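What follows is one structure encoded as structure tokens, with my remarks underneath.
Quick note: the coordinates plus some simple rules give every number you see, no bench work behind them. Because the structure is a prediction, the values reported are computed rather than measured. As a convention, Cβ positions derive from the backbone with ideal geometry for all residues, glycine included, and neighbour counts pool all protein chains shown.
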Amino acid sequence: MNEAQTTSLEEVFNRRIDAEEKIEPKDWMPEKYRKTHIRQISQHAHSEIVGMLPEGNWISRAPTLRRKVALLAKVQDEAGHGLYLYSAAETLGISRDELLDQLHDGTAKYSSIFNYPTLTWADIGAIGWLVDGAAIMNQVALINTSYGPYSRAMVRICKEESFHQRQGYEILMTLMKGTDEQRAMAQDALDRWWWPSLMMFGPRDDESPNTAQSMRWKLKRKSNDELRQAFVDQTVPQAELIGLRIPDPALCWNEERGHYDFGEIDWDEFRQVVQGNGPCNRERLEARRAAHRNGTWVREAALAHAAKQADRDSLRKAI
Ligand code: FAQ
């Protein structure tokens, strides 16, 4: 294709983006749009899959049968989200094997939040309330993203995340109605998970290399800082309602802005965690690598079965 043809295709593509049309897998798209989507969608998929680990750690220790059932269902939902998202990334011309290789060799990122440990049962409440709460804030905006398969995956994912957020909040609400020890456990979980949850939204807008282009392509519909602010505004009253204290001395309502002001995130900690030096990075990656290794026989058996089936089908056709 010559340069003039590419330019006119790009003009048509940009007009479609401006008109809020969805871009579908077989449509022409700039190479950078394709690559940026593979990056974001696959990192999102990896986050869902790695995100099963901190909570999975508590399935066998949930305090009641009802809690265990809910947690099991939630962790299974996260697996489903990962699978839709890997499928959405595959529509952009990359294979599942390549995507997984990138996770396992550390070239693809996943959300920083999943590199923190789950020390008590209250952490399961904090993950549901804060981590799923932050994920919904980000993902509701992504329902309107320009790439069709990503946008459609988000519709279902958001419905499920909304249930997750409520089950987390309800765990903390129950603890806050309990003994002094249970209340202290809930507060301790909030103290440890608050700042990492704010980091989930990514670097400040002025330090975010991808935001400007992703907003032009309507991949991102809101910037990192806009989403972070909306999350703080939504979450502070929820904490107050059940008697939890947000661990930020700078937090206060700003009448003029109509938003909460809040303190500075420890960006050095964020960078360290993203670079692989968080409290659980090595453990998380090793768990994923081991799961992949241990699943080799399942993949091989499925391929052998599919090959046998194909042989039988071609034999039947030949007869
Ligand atoms: N952690 O220029 P930006 C969930 C990287 S799902 C690690 O601002 P962008 C469900 C970023 O990739 C949670 N890395 O980048 C659940 C980029 O690096 P690269 C995941 C981060 O893409 C709940 C660089 O920094 N959600 O929780 C992080 O425009 C409970 C520069 O940043 C999604 O993935 C971070 N926090 O904006 C599961 C949502 N932040 O690739 C289990 C979709 C930034 O250039 C239990 N993703 N980086 O080398 C997004 O909305 C965006 O990708 C952002 C980052 C907002 C995360």
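Couple of notes before you dig in:
- For the condition in contact with a Cys (Cβ under 7 Å, 6 or more places away or on another chain) and closer than 21 Å to PRO25 by Cα, ILE143 qualifies.
- For MET215, the criteria (1) outside any helix (DSSP H, G or I); (2) within 14 Å of the ligand (Cβ to nearest atom) hold in every case but one, which is (1).
- Of the helices (runs of 4 or more DSSP H) entirely within region 1-119, those holding at least 2 residues that are β-branched (Val, Ile, Thr) and surrounded by 19 or more Cβ atoms within 10 Å (Cβ to Cβ) occupy 31-50.
- Residue in region 168-184 that is within 11 Å of the ligand (Cβ to nearest atom) and either touching a helix residue (DSSP H, G or I) at 6+ places or on another chain (Cβ under 8 Å) or free of Cβ contacts under 8 Å to residues at least 12 places away in the same chain (or both) present: yes
- Per the listing GLN187, GLN165, GLN238, the residue uniquely within 15 Å of the ligand (Cβ to nearest atom), out of contact with any Pro (no Cβ under 6 Å at 6 or more places or on another chain) and not aromatic (Phe, Trp, Tyr) is GLN165.
- Unmet criterion (only one of (1) free of Cβ contacts under 8 Å to residues at least 60 places away in the same chain; (2) under 20 Å from PRO237 (Cα atoms); (3) touching a helix residue (DSSP H, G or I) at 6+ places or on another chain (Cβ under 9 Å)) for LEU198: (1)
- Scanning region 218-250 for residues that are of a type in the set (A, V, I, L, M), under 21 Å from VAL140 (Cβ atoms) and outside any helix (DSSP H, G or I) yields a single hit, LEU219.
- Qualifying positions in region 117-145 - in contact with a Pro (Cβ under 8 Å, 6 or more places away or on another chain) and more than 10 Å from the ligand (Cβ to nearest atom): PRO117, THR118, TRP121, ASP123
- Whichever residue in region 89-104 is out of contact with any Lys or Arg (no Cβ under 8 Å at 6 or more places or on another chain) and within 14 Å of the ligand (Cβ to nearest atom) and, among such residues, is farthest from GLU55 (Cα to Cα): ALA89
- Among the candidates GLY243, GLY276, residue that is more than 10 Å from the ligand (Cβ to nearest atom) and in contact with a Gly (Cβ under 7 Å, 6 or more places away or on another chain): GLY276
- The set of residues in region 118-144 being among the aliphatic types (A, V, I, L, M) and over 16 Å from HIS44 (Cβ atoms) consists of LEU119, ALA122, ILE124, ALA126, ILE127, LEU130.
- Looking across region 251-273, the residues that are more than 27 Å from ARG166 (Cα to Cα) and more than 16 Å from the ligand (Cβ to nearest atom) come down to ASN254, GLU255, GLU256, ARG257, GLU264.
- Listed by position, the helices (runs of 4 or more DSSP H) inside region 130-204 whose residues that are of a type in the set (Phe, Trp, Tyr) and within 16 Å of PHE114 (Cβ to Cβ) number at least 1 are 180-199.
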